[in-house]
Structure formats: structure tokens, C-alpha cells
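The values are calculated or read from the model by the stated rules, or taken from the named source; none is laboratory data. Values in this document were obtained by computation on a predicted structure and should not be read as measured data. Reconstructed Cβ throughout: ideal geometry from the backbone, glycine too, with neighbour counts over all protein chains shown. We work out accessible area using only protein heavy atoms, side chains counted, and drop any ligands, DNA or RNA first. Shrake-Rupley method; radii C 1.70, N 1.55, O 1.52, S 1.80 Å.
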Amino acid sequence: MHRNWISPKAKTRAAFAKYLKKFETGPHHGFLVIHRETGDIVGVININDVIRGNFQSASVGYYAFVPHAGRGLMREGLLLVLRHAFRKLKLHRIEANIQQTNRPSQALAKKCGFVREGFSRRLTKVCGRWKDHERWGVLTEDFRINQ
């Protein structure tokens with residue numbers, strides 16, 4: 001489902017353990033979106049690269065799993081994570097970098113209050129190739145107004 005948009009996080013148990021370890025401390029926070037009724041894992045949301053000081057910002061990444069994509073569950077999860085980021089982590093700004101062809105991620109960002117702010121050429125290497133991304137951002141004051 002996400003083949004064109006994200007690189008695999010891990011191909012071995014050891015690589016997956018290393019991936020999870022980065023969320024134990026430091027500038028990364030990982031969240032699972034869980035379906036309340038079934039207990040299924042709906043998707044993953046990560047707050048990455050928290051920068052303190054004068055920035056108080058971070059980036060967010062997310063993806064849903066089949067069969068839950070497109071059912072509004074990730075919107076609910078992302079809104080909860082944004083609330084946590086702004087209220088508990090005291091961040092001022094969250095940025096999402098989304099590939100131009102990833103319309104579902106753009107729609108989710110927009111539904112959660114993100115605004116398209118710009119374009120970054122060859123920003124991130126995905127599956128071995130540099131990819132352009134649109135920059136989307138939401139500020140704590142904008143989030144408060146919409147929540």
C-alpha cells in the first residue's frame with residue numbers, strides 16, 4: 001500500500017528492535033492507532049526530530065494499514081497525537097513532509113489543520129531514490145482554534 005511513499009522500517013527482528021529503541025528516549029515519539037472496538041492496529045504516527053529552544057518544533061510521519069485506510073480512524077489518531085504534541089510536549093509547530101503524489105496523506109493533513117506551506121526538492125531518500133515533498137505545517141494556535 002505504501003510502496004512508493006515510505007521505505008521499509010525493518011527487514012529483520014534486529015532491525016525492528018533498533019527502530020523501536022529510538023522511541024525510548026530522545027527526540028522521537030512513536031504512537032500506535034488502535035481500533036477501540038476490535039483492538040486492531042490501524043496505523044502508526046511518529047513525532048520525529050523534536051527541536052527545543054527557540055524552535056519548539058518537530059516533524060510528523062504517519063501511515064495506515066489495510067483494511068483501515070480511508071475510514072477516518074487515522075484522522076482521530078492524528079488529532080490525539082497533535083493534542084499531545086502541543087499540550088504535553090509544549091511544541092509550537094509540527095511539520096509534515098508529503099510526496100506530491102500521496103493524495104491520501106495530503107487530505108489527512110488538511111483535515112487535521114495543516115496548511116501547505118511550500119515545496120522541497122529531493123528532500124528525502126525513499127526506497128533508494130531522492131523524492132520531492134510538499135511541506136505542510138500546523139501551529140499550536142491554529143490547532144487550538146480548530147479543536
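More than 23 angstrom separation, counting every C-alpha pair in the chain; what % is that?
36 percent
Whole-Hz ³J(HN,Hα) for each residue in the range 52-62, computed from phi via Karplus 6.51 cos²θ - 1.76 cosθ + 1.60 with θ = phi - 60°, x for glycine and proline: what do you get?
For the range 52-62, the Karplus-derived couplings read 9, x, 6, 8, 6, 9, 7, 10, 10, x, 7 Hz, x marking Gly and Pro.
Once fully extended, how much extra length lies between Asp40 and Thr101, figured as 0.36 nm per residue of separation less the alpha-carbon to alpha-carbon distance?
Result for the pair: 19.2 nm of gain on full extension.
Please compute the per residue accessible area over the chain with all protein chains in place, 1.4 Å probe, rounded to a whole number of Å².
Here the residues of the chain average 64 Å² of exposed surface.
What FRET efficiency would be calculated for the residue pair His92, Lys125, taking the C-beta separation as r and a Förster radius of 25 Å, to the nearest 0.05?
About 0.35, to the nearest 0.05.
Can you check how the C-alpha radius of gyration of the range 26-86 compares to 2.2 N^0.38 Å, as a plain ratio?
Cα-based Rg divided by the globular estimate yields 1.21.
Among Lys11/Lys110; Lys22/Lys125; Lys21/Lys88; Lys88/Lys111, which pairs are too far apart, with a Cα-Cα distance over 26 Å?
Distance filter (> 26 Å) returns Lys11/Lys110.
If we count every other residue with Cβ under 13 angstrom of Leu80's Cβ, Lys/Arg +1 and Asp/Glu -1, where does the sum land?
Residues near Leu80 contribute +4 overall.
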